[in-house]
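The values are calculated or read from the model by the stated rules, or taken from the named source; none is laboratory data. Keep in mind that what you see is a predicted model, and the values were worked out from it rather than measured. Heads up, the Cβs are rebuilt from the backbone with ideal geometry, glycines too, and the neighbour counts pull from every protein chain shown. Surface accessibility is based on the protein's heavy atoms, side chains included, excluding ligands, DNA and RNA. Shrake-Rupley method; radii C 1.70, N 1.55, O 1.52, S 1.80 Å.
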Amino acid sequence: MNREKDVANHLLAHRRLLIIAHAGPDGDTLGSALALSGLLAQMGHEAQVVCHDPVPPTLNFLPGADRVVSWNRVRPDEWEGLVAVDCGSPSRMAWPKDSGWERLSLLNIDHHAHNPEFGTVNWIDANAAATGEMITRLAFGAGWPVTPEIAMCLYTAISTDTLSFRQVNTTSQTLAWAAQLADRGLNLASLNQLLWEHQKAGEVRLLGWALSHMNLSRDHRVAWLEVTRAIMDAFGVHDATVDTLVHHLRAIDSVKVAVVTKEMDRPGWVKISWRGKQDIDVSQYAIQFGGGGHRYAAAAQVAGSITEVTRQVLQVIGVGPV
């Protein structure tokens, strides 16, 4: 069975599609959703990207980012179907409850291994480095025109989910798809600067604070950090900036598991971000907190105080008193 062909036919069978980027949007979900929207628009279809949360400032450069809308701007009777992009679980869509959306057909496109296949139609590929890699494969396989704007969105999706092709999920095929996207007229130097070298002074200062306030277990195998809303306000940074801090903790040579707990803008809730190395599957930690993700990168959102949540997280990992 040609899965990409089946998915392409499903998409083309709907003239009006609402494309869902997950809450707390990152480069993969937004890049994939915007690219898919652009691809369908070129073929005369109406496709709108919706997201529970605003586009983070770091991704405002993406073509079409200014046209992403929130759920209160759309109604179920306006659309023929839905497409969830990079949503590892139905909760990641964060759609309004009891609003009629569940009556529409839902195409679920994702690369998370623990995706419960919640769609009417499901295309899940845990071997793909990013959902953007899947959309790239879909577009080239179907012969759909990939413009420089669409290529920019897809390259962003793949690059951000592989940490600029440095994560273990990067394969030779990932690099081959990225090369095909680059051949669609991308200025890689300029785009990579936007992705990786475009920080405000407050973001750099936050990194300095984080490195001086991080914690290490006695054996230096676990690193963790707590970030409150007060800290974020003091440095004037966005949530997406805090989410990158965990990569710096993971970069310590002795560290096998890195964790950042962050107070969310939803009072009384905490986001947990894990990153792992070698044979440690951090998604198993996330599942215990109602979250999920990949073997090397996972997250969860839980109710509670940041101090108590951090204590529980460390207990699950096996960190004793420090």
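A single entry from Leu186, Leu191, Leu175, Leu206 fulfils the requirement of being surrounded by 20 or more Cβ atoms within 10 Å (Cβ to Cβ) and either in contact with a strand residue (DSSP E or B) (Cβ under 8 Å, 6 or more places away or on another chain) or at pLDDT 95 or above (or both): Leu206. Just one of the listed residues (Val69, Val121) is of a type in the set (A, V, I, L, M) and either within 16 Å of Cys51 (Cα to Cα) or under 16 Å from the mean Cα position of the chain (by Cα) (or both), namely Val69. For region 216-224, does any single residue satisfy the condition of being more than 22 Å from the chain's Cα centre (by Cα) and polar (S, T, N, Q)? Yes - at least one qualifying residue is present in region 216-224.
For region 149-172, which positions are open to solvent by less than 60 Å² (accessible area, probe 1.4 Å), over 14 Å from Leu62 (Cα atoms) and part of a helix (DSSP H, G or I)? The one that is open to solvent by less than 60 Å² (accessible area, probe 1.4 Å), over 14 Å from Leu62 (Cα atoms) and part of a helix (DSSP H, G or I): Asp161. Checking each residue in region 292-322 for being out of contact with any Gly (no Cβ under 8 Å at 6 or more places or on another chain), touching a residue at least 40 places away in the same chain (Cβ under 8 Å) and farther than 20 Å from Arg221 by Cα picks out Ile306, Thr307. Going by the structure shown, is Asn127 without any contact (Cβ under 8 Å) to a residue 60 or more places away in the chain, surrounded by fewer than 19 Cβ atoms within 10 Å (Cβ to Cβ) and assigned to a loop (DSSP other than H, G, I, E, B)? So Asn127 fits the description; yes.
In the condition set (1) over 19 Å from the mean Cα position of the chain (by Cα); (2) in contact (Cβ under 8 Å) with a residue 60 or more places away in the chain; (3) under 28 Å from Arg295 (Cβ atoms), Thr228 is compliant with all but (3). For Leu181, the stated conditions hold: it is in contact (Cβ under 8 Å) with a residue 40 or more places away in the chain, surrounded by 19 or more Cβ atoms within 10 Å (Cβ to Cβ), of a type in the set (A, V, I, L, M) and out of contact with any Gly (no Cβ under 7 Å at 6 or more places or on another chain). Criterion first (farther than 24 Å from His294 by Cα, among the β-branched types (Val, Ile, Thr) and part of a helix (DSSP H, G or I)) does Val146 satisfy it? It is false that Val146 is farther than 24 Å from His294 by Cα, among the β-branched types (Val, Ile, Thr) and part of a helix (DSSP H, G or I).
Being of a type in the set (Gly, Ala, Ser), in a helix (DSSP H, G or I) and either surrounded by 19 or more Cβ atoms within 10 Å (Cβ to Cβ) or touching an Asp or Glu at 6+ places or on another chain (Cβ under 8 Å) (or both) is true of Ala139.
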